[in-house]
Amino acid sequence: MSENFSTSDHFKVRDLGLAKAGRMKIDWAESRMPVMAALREEHARKQSLKGFRITGCLHVTKETAVLIEALAAAGAQISWSGCNPLSTNDEVAAALAEAGISIYAWHGMNTEEFYWCIDKTLEQKPTMTLDDGADLIFRVHDKHLDLIEGILGGTEETTTGVHRLRAMSRDQALKYPVIAVNDAETKWDFDNVYGTGQSSLDGILRATSVLLAGKNFVVAGYGHCGSGCALRAAGMGASVIATEVKPTAALKATLNGHRVMKMDEAAKVGDVFITATGMKDILVGRHFETMKDGAIVCNTGHYDCEINLVELEELAESKRTIRDNCEEYVMKDGRRIYVLAQGRLVNLAAAEGHPSEVMDMSFANQFLSMVKLAQEGKDLEIAVHDIPEAQDQQIAAIKLETLDAGLDVLTAEQIAYDDDYAAGT
Ligand code: ARJ
């Protein structure tokens, strides 16, 4: 394993000397996460998580640090690793290590190191797991079956992870209950749409600094994440083209004013491509062969399988890093294609991930789900569970208060009308 790390019995990070800079980043995020502040205050007082051990595997960002420290303040013992080799912020990781959190994460790790870190975090024998992408849960089920008996349950942050876990559950391979944080309204209707929309464009702009106005911006996948990217790219003056396999999603894209076409056609006209499908091989060799000179290609899906870089490498004559997070591939006929962040999540690898204000709600769902598992995990059926509607409304209400938005209240007569099925014309 590579040298020049800061290590101790409870952490391995790039450089503990970065802790001061990391602490300022965390303070900045914290000041924009009022729901987390309210939950932290209440549950630190109640010590709701005292005696519980939480092992997490989720992007080590300034927002994640706010979640980790709130869980710790509520009494939990924490161990943490990053869920993507390029998304760890080394400054934040150092600040967490300095604050006494058990953390194994650094930017630019390889696959072997990735699993080494997960295994280190499992040494504390967790009572709960917290995932983004399901790699931690899968590791427990694959290599640490002895831990399952002590685990009350887990949570999952993202669409791809929930998809994997539902497949595991269908196969009866899932051995403890999981709460699908992603599927909460206060998560996917905000984080996935507005978070991904803004942070993905942020990543593209930091890596390229190109003008988006007037460009053909191709979004592969018009789900929550893809529609957010399309919305924001259109707002910057780009002409959006969506590609889809699902008729209803394609129809929504059309009625939102975007063109919908097959990727084989979009490949020829696109200036900037972003994949947001959760599926592999969205951009492959035959697409790279027809792309325009200067085309920019990136991904915002959880895994790096959406852009087939092996096929691009085969077709390219040479390759160089021309800017941070921007690789230039020169094709045999001289055309240049630019790949951002090695095809990994462009929003987390080339920018800072979603803004704190959005993560505030996603992580409030994580936090409350951990409290629920601590209280009720023993009685939960082994399955993938949805977030209760009441939790969504509670989080949205706290958030609204901080946004200075007034909320109307139904009168008694209106509530009665709501339940009165006999009332018609
Ligand atoms: C931590 C982040 C951030 C951020 O909630 C988002 C999701 O579903 C992910 C898929 O891997 C990424 C996650 N995410 C986005 N931005 N996690 N900190 N700032």
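The values are calculated or read from the model by the stated rules, or taken from the named source; none is laboratory data. Bear in mind the structure is a predicted one, so any value in this text is a computation, not a measurement. Glycine gets a Cβ as well: all are built from the backbone with ideal geometry, and neighbour counts include every protein chain shown. All accessible areas refer to the heavy atoms of the entire protein, side chains included, with ligands and DNA or RNA removed. Shrake-Rupley method; radii C 1.70, N 1.55, O 1.52, S 1.80 Å.
Filtered by the rule that a residue be more than 16 Å from the ligand (Cβ to nearest atom) and of a type in the set (A, V, I, L, M, F, W, C), the stretch 113-133 gives W116, C117, L122, M128.
Starting from the stretch 99-110, take each residue that is closer than 11 Å to L86 by Cβ and list its partners that are small (G, A, S), counting only C-beta distances under 7 angstrom and pairs at least six apart or across chains. So the pair list comes out as W106/A93.
Answer yes or no as to whether D189 is surrounded by fewer than 24 Cβ atoms within 10 Å (Cβ to Cβ) and under 18 Å from N347 (Cα atoms). Answer is yes for this residue. Sort out which residues of the stretch 158-182 are open to solvent by 10 Å² or more (accessible area, probe 1.4 Å), within 12 Å of the ligand (Cβ to nearest atom) and either outside any helix (DSSP H, G or I) or free of Cβ contacts under 8 Å to residues at least 12 places away in the same chain (or both), and write them in order of number. Across the stretch 158-182, the qualifying residue is only T158. Can you tell me which residue is nearest to the ligand (Cβ to nearest atom) among those in the stretch 298-335 that are open to solvent by 40 Å² or more (accessible area, probe 1.4 Å) and assigned to a strand (DSSP E or B)? Restricting to residues being open to solvent by 40 Å² or more (accessible area, probe 1.4 Å) and assigned to a strand (DSSP E or B), the top hit is R323.
Please go through the stretch 111-124 and give me each residue that is without any contact (Cβ under 8 Å) to a residue 40 or more places away in the chain and open to solvent by less than 60 Å² (accessible area, probe 1.4 Å), ordered by number. Passing the criteria: F114, D119.
For the stretch 185-214, the set of residues classified as within 30 Å of E376 (Cβ to Cβ) and within 11 Å of the ligand (Cβ to nearest atom) consists of K187, W188, F190, D191, N192, G195, listed by residue number.
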